[in-house]
Amino acid sequence: MRAIPFLVLFAFSLIQSATVSEETILRDCKGELAMGNYSQAVVSFGRFIRNYPKSKLKAEALYWKGVSYLSDSKRDSAKASWDQINRSDAFWYSRAHLSLGVVYAGEKSWKSSSDELKKASSFADSSLLSSIWFQNYNNAQKTGNVEEASLWKEKLLKFFPRSIESGNFEVQQPSESSRYSIQLGAFQSKANASSLSEAVSKKISGEWKPEILKDTRNGQSLFIVTVGRFGSETAARDYASAIGLSAKEYRVIPFNR
């Protein structure tokens, strides 16, 4: 009977080894791409996809296979690879269609670019959304649609003021009128507040960073996790919605510091 736990552990170790092996192989494939060996990279990514059809890394492999094709001036083959990425793999699906949107924009196929960017934004998280919006801004600029370009610029500066893309514009820093913030949690333990802050930082990378403020409420010391500085409650709620927060996950509070 004592052999059973050992067998279970042994089987688990084999699963772990297989996962590490997949990651190592995919890293080697990306190494071929980084060195400019595009044809070999296509072969390597293709082999990975065939050998690990159910791998959690399959979508990533399909994406980089498409990049390898595109780097070798094979746009149609790149599209064919990217089109195989499932919507369930939201990040890589969005990244693939963002890349196609950029490719079509470079070819001045504005309608196709717009269609791809819509697909990308439907499943994008906040780490990609600012890039998608910036490409929409560029498209509007290049087609002479000044009003639409202005709207995309306004959205970028409003929801992603600290993103790389917003850095292309003159960004106004929070002023004295920024009197509202989004409260994500309040804890007696600073460790719990730090844990939430770190988790949120991963979700909204590239924008406002969460802050931990110490406050006293009803005679009790609390560590408050907040994010953002806004001129109105409406702006704060709009931002919370843009980064995917539900109404139960936050509250808008006055910011008086």
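Here are the numbers for this structure:
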read-out	value
GluC sites (Glu not before Pro) restricted to DSSP loop in the range 55-163 with at most 16 other C-beta within 10 Å	E107
Å³ per residue enclosed by the Cα convex hull of the range 73-137	73 Å³
Under 11 Å, Cβ to Cβ, from Y180 - net charge with Lys/Arg +1 and Asp/Glu -1	+3
Net +/- balance of residues flanking Y104 in space, Cβ distance below 14 Å, scoring K and R +1, D and E -1	+2
The range 3-168: C-alpha gyration tensor shape, a/c 1.5 cut-off, then a/b vs b/c	prolate
Expected-Rg normalisation [2.2 N^0.38 Å, Cα atoms] applied to the range 180-254	1.05
Cβ-based exposure ranking for S163, S81, S114, in which fewest neighbours within 10 Å come first	S114, S163, S81
The range 3-168, relative contact order in percent, only Cα pairs under 8 angstrom and at least six apart counted	12 percent
Ranking of S122, S94, S189 by count of other Cβ atoms within 10 Å, fewest first	S189, S122, S94
Greater than 27 Å apart at Cα, pairs in K30/K142; K56/K119; K30/K202; K158/K248; K153/K190; K74/K111	K30/K142; K153/K190
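Throughout, read-outs are computed from the coordinates displayed, never taken from laboratory work. Please read all numbers here as calculations on a predicted model, not as lab measurements. Every residue, glycine as well, gets a Cβ built from its backbone with ideal geometry; the counts of neighbours run over all protein chains shown.
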